[in-house]
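Asker: Starting off with a structure, shown below.
The values are calculated or read from the model by the stated rules, or taken from the named source; none is laboratory data. For clarity, every value in this text was computed on a predicted model and none was experimentally measured. With ideal geometry, Cβ positions are generated from the backbone for all residues, glycine too; neighbour counts draw on all protein chains shown. The protein model used for the area step is the full one, side chains on, heavy atoms only, and it has no ligands, DNA or RNA in it. Shrake-Rupley method; radii C 1.70, N 1.55, O 1.52, S 1.80 Å.
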Amino acid sequence: MADEPLVLGIETSCDETGVGIVRGHTLLADAVASSVDEHARYGGVVPEVASRAHLEAMVPTIQRALKQAGVSARDLDGIAVTAGPGLAGALLVGVSAAKAYAYALGKPLYGVNHLASHICVDQLEHGALPEPTMALLVSGGHSSLLLAPDITSDVRPLGSTIDDAAGEAFDKVARVLGLGFPGGPAVDRLAREGDRAAIAFPRGLTGGRDPLYDFSFSGLKTAVARWVEARRRDGQDVPVADVAASFQEAVVDVLTRKAIRACRDNGVDHLMIGGGVAANSRLRSLAMERCEAAGIRLRVPRPGLCTDNGAMVAALGAEMVARGRAASTLDLPADSSLPVTEVSVPGHTHVHELSAENLYG
Amino acid sequence: MLLLAFDTATPAVTAALHDGERVLAESTVVDARRHGELLVPAVDRVLAAAGRSLDEVTGVVVGVGPGPYTGLRVGLVTAASFGDALDVPVHGVCTLDGLAWAAGEAGLDGPFTVATDARRKEVYWARYDGPTARVTEPAVDRAADLPEDVRALPAVGAGAALYPDAFPDRRPDPAHQSAGALAALAAHRLATGAPFLPPLPLYLRRPDAQVPAGYKAVLPT
Ligand SMILES: [Zn+2]
């Protein structure tokens, strides 16, 4: 429908320069430039390398998205950008670009939360989000259970990791097994050939007195490293596929168990899973199995929309416009530790300090 | 002609409008930690002060550094975005050249050195024969390690002020980068057909390959 908001979204919180364009719940373009190859030799994302790559890729990626969508920047109803959380220098490139386009084109600017965007992207895949929405976000940067009564204004953290993010544990175990970076896809691939019941790795924070919705993957990672090292020390072969499958099972077992518990406790009958680890095939299949058994409807966007991208930011921006939420001011800061409870950043100067007349002389 | 100039390569967040003859308006705020927050509001302020609109701008002039990275990128990505959104050319100018032009306006016309703060006990610097005649490529070094003949010259910029022992003949003006000076230099270059730099950052250092804890980090070997 032509009267749905047309919004461009910019995402630069980590190593992907993402620009998406949506009209309401319809995805029109999703352009991504990734610097992941430049980070591989360091075994992790190097902030300065990521920021340099964002600067180079920013305008060409915006141009590519507009071309892909077949729309003119003048037709946009708003420009949304990840204001946080993420790497400070990386965020700043996207925020600065968003401001410049918003100001030059005379469009409202929406600084939005990266985590809320991960949830909202599912509107592009499965239509309007139920209210409230239960979301499990799992990636290299985050592992959170979130309850969102209103994705544009009310997102409540139920639990999160107390140490490593789930994706981080995948990367670390991949390194122990010599599988390279990023580790998630490599472990997933190898695990398909392994026995997930071969080794009983620990399930963190699942004891009777442990926090219900928090996660811990640090102990698991160490247990895997110790197990592998002990084998090597004894001169035995390491059954890498079994290790990968058993490790992966320990992660997805805890994730899905806690997510379903959260749905039950809060009377929510559906679950959305997002973030890069949502691309994991075993997480998807186990979540499906357990949701079906519990009578919960599962919503998982396609893998390309689960990893960091601009479309998710545009999706939340479009929802902000549709619901008439306040835009951000042009002094919007990039906030590397923006709490998830701040779905958007309305800004701290008053609109009247900026004159509108000089935009349209 | 209406040039919109800005520079975020130094602690100053500075923006100016220039009509080819003179600076119409300038805003300079020194706040090394808030380049991203202050730049677009500064652009808005100079347009308002000059009573001009953004769609009258015929070209964007941006300081390309050298400068500490995070702030430097704010100006460059803003310039590239304005250039694309407004469909006008973006002219890159070495930040040190802007300071050299301002030094000329302050009365220096013989050989001199421009040095800015590069942090980590180093300076970004270049040697000039005059306000529009840079004779060395911009470089980054410890002030005390600069060639003796360079250090002996009159010196301007925060780098000179920071290391008085290394620069015995330091001059107080200009203390900070000025987008007005940068715009005036750009207008001069446009009038004389002198070339610009591409609007790409002069980092002069390789990135620190530091992977922070908690971000897709992996076990140490
Ligand atoms: Zn993410």
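Asker: From the list A:V112, A:V36, A:V46, A:V81, which one is within 16 Å of the ligand (Cβ to nearest atom), modelled with pLDDT under 95 and aliphatic (A, V, I, L, M)? Lay out the reasoning, then the answer.
Answerer: On the way: A:V112 fails: modelled with pLDDT under 95; A:V46 fails: within 16 Å of the ligand (Cβ to nearest atom); A:V81 fails: modelled with pLDDT under 95.
From the options A:V112, A:V36, A:V46, A:V81, the qualifying one is A:V36.
Asker: Which of the helices (runs of 4 or more DSSP H) contained wholly in segment A:86-169 include at least 2 residues that are within 14 Å of another protein chain (Cβ to nearest Cβ) and open to solvent by 10 Å² or more (accessible area, probe 1.4 Å)?
Answerer: Qualifying helices (runs of 4 or more DSSP H): A:88-105.
Asker: I'd like the full set of residues that are within 16 Å of the ligand (Cβ to nearest atom), open to solvent by 10 Å² or more (accessible area, probe 1.4 Å) and at pLDDT 95 or above, limited to segment A:1-32.
Answerer: Initially, segment A:1-32 is screened for residues within 16 Å of the ligand (Cβ to nearest atom), giving A:9-20, A:30, A:32.
Among the residues that remain, those that are also open to solvent by 10 Å² or more (accessible area, probe 1.4 Å) are: A:16, A:30, A:32.
The answer is A:D30, A:V32.
Asker: Can you tell me how many residues within segment A:39-51 are surrounded by fewer than 17 Cβ atoms within 10 Å (Cβ to Cβ) and touching a Lys or Arg at 6+ places or on another chain (Cβ under 9 Å)?
Answerer: So the count comes out to 0.
Asker: Working carefully through the options A:G94, A:G141, find the one that is within 12 Å of the ligand (Cβ to nearest atom) and over 18 Å from A:V321 (Cα atoms).
Answerer: Testing whether each residue is within 12 Å of the ligand (Cβ to nearest atom) and over 18 Å from A:V321 (Cα atoms) leaves just A:G141.
Asker: Given B:V150, B:V114, B:V211, which one is surrounded by 15 or more Cβ atoms within 10 Å (Cβ to Cβ) and at pLDDT below 95?
Answerer: B:V211
Asker: Go through segment A:170-200 and give me each residue that's open to solvent by 40 Å² or more (accessible area, probe 1.4 Å), part of a loop (DSSP other than H, G, I, E, B) and modelled with pLDDT of 95 or more.
Answerer: Of everything in segment A:170-200, those that are open to solvent by 40 Å² or more (accessible area, probe 1.4 Å), part of a loop (DSSP other than H, G, I, E, B) and modelled with pLDDT of 95 or more turn out to be A:R192, A:E193, A:D195, A:R196, A:A197, A:A198, A:A200.
Asker: Here are some conditions: (1) within 16 Å of the ligand (Cβ to nearest atom); (2) among the aromatic types (F, W, Y); (3) under 30 Å from B:L72 (Cα atoms). A:F170 meets all but one. Which one does it not meet?
Answerer: Looking at each condition in turn, A:F170 falls short on (3).
Each row is one residue, and each column tells you yes or no for (1) facing chain A (nearest Cβ under 7 Å); (2) open to solvent by 10 Å² or more (accessible area, probe 1.4 Å); (3) within 28 Å of B:W125 (Cα to Cα); (4) at pLDDT 95 or above.
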residue: B:D44; (1), (2), (3), (4): yes, no, no, yes
residue: B:V60; (1), (2), (3), (4): no, no, yes, yes
residue: B:P66; (1), (2), (3), (4): no, no, yes, yes
residue: B:V77; (1), (2), (3), (4): yes, no, yes, yes
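Asker: Additional query: Looking at (1) among the charged types (D, E, K, R); (2) away from chain A (no Cβ under 14 Å); (3) closer than 29 Å to A:V49 by Cβ, which is the one condition that is false for B:R119?
Answerer: The failed condition is (2).
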